[in-house]
Amino acid sequence: MARSLAMTVSGSMLLAAFVAGAAGTASIDAGKSTIIATFRQENVPVDADFKRFSGHIDYDPALTNASKAAIEVTTGSLDLGSEDYNSEVRKKSWLDSGTYPTATFISTSIKPGAAGHFDATGVLTLKGKTQTLTVPVSVGKAGAATSFDGELTISRAYFGIGDKDWNDVLDDKVRVKFHIIE
């Protein structure tokens with residue numbers, strides 16, 4: 001379970017980071033947004049979401065190349081549905097939330113794609129490591145607000161998340177899905 005929790009946390013952070021790279025011209029409405037990490041434990045998918053994240057978005061569909069985004073996710077806010085599991089993934093071998101209380105994504109470029117789509121490239125910092133990532137994002141409307149949706153896959157091993165003893169139980173890959181409202 002600890003591995004599942006750690007896997008979820010890793011994925012969620014990456015998701016948050018990609019979402020930041022994909023957003024619009026205001027602050028993220030965390031109350032209406034979601035960042036969900038999905039990992040496989042013994043080949044069974046497990047979903048976990050981050051409860052606390054924030055960010056600033058500067059997105060103009062007419063000037064996509066000039067868009068910018070930044071997001072910060074509280075690593076200790078990953079929720080696996082049990083405080084025992086949540087506590088486990090905050091430990092040093094997993095997310096190490098005491099040493100690394102946040103994960104960040106800062107966009108370096110946003111490039112237009114097909115209508116209602118763009119690719120956000122940026123630097124993800126998680127557990128003291130950085131990785132440049134690109135994620136495809138779909139832009140839509142949610143009432144008067146703008147929505148940004150996408151998903152990406154990250155490597156738990158790359159960021160040093162989890163104990164190697166869990167490698168036979170947990171997949172290395174974590175899928176992160178986001179639905180961001182601004």
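The values are calculated or read from the model by the stated rules, or taken from the named source; none is laboratory data. All figures in this text were calculated on a predicted structure; none of them were measured in a lab. Note that each Cβ is placed from the backbone with ideal geometry, even for glycine, and that neighbours are counted across all protein chains shown.
Taken over the range 98-143, residues that are farther than 26 Å from residue 77 by Cβ, of a type in the set (D, E, K, R) and either without any contact (Cβ under 8 Å) to a residue 40 or more places away in the chain or in a loop (DSSP other than H, G, I, E, B) (or both) amount to 2. Exactly one residue out of 70, 30 is assigned to a strand (DSSP E or B) and more than 19 Å from residue 155 (Cα to Cα): that is 70.
Selection within the range 144-153: residues that are in a strand (DSSP E or B) and hydrophobic (A, V, I, L, M, F, W, C). The member of this set that is surrounded by the fewest Cβ atoms within 10 Å (Cβ to Cβ) is 145. Mind listing whichever residues of the range 123-135 are more than 17 Å from residue 113 (Cα to Cα) and surrounded by 15 or more Cβ atoms within 10 Å (Cβ to Cβ)? Answer for the range 123-135, where residues must be more than 17 Å from residue 113 (Cα to Cα) and surrounded by 15 or more Cβ atoms within 10 Å (Cβ to Cβ): 123, 124, 125, 126, 127, 131. When each of 87, 138, 82 is tested for being surrounded by fewer than 18 Cβ atoms within 10 Å (Cβ to Cβ) and touching a His at 6+ places or on another chain (Cβ under 7 Å), the lone residue that passes is 138. Candidates in the range 165-182 are the residues that are in contact (Cβ under 8 Å) with a residue 60 or more places away in the chain and not in a strand (DSSP E or B); of these, the one that is nearest to residue 105 (Cα to Cα) is 182. Residues in the range 158-171 that are within 13 Å of residue 37 (Cβ to Cβ) and charged (D, E, K, R): 171 only. State whether the residues of the range 154-164 include one that is assigned to a strand (DSSP E or B) and not charged (D, E, K, R). Yes - at least one qualifying residue is present in the range 154-164.
With respect to (1) part of a strand (DSSP E or B); (2) of a type in the set (A, V, I, L, M, F, W, C); (3) at pLDDT below 90, the lone exception for residue 13 is condition (1). Taking the criterion of being modelled with pLDDT under 90 and not charged (D, E, K, R), the residues of the range 43-61 that qualify are 56, 57, 59, 61. In the range 78-98, the condition of being modelled with pLDDT of 95 or more, within 12 Å of the chain's Cα centre (by Cα) and farther than 20 Å from residue 140 by Cα is met by at least one residue.
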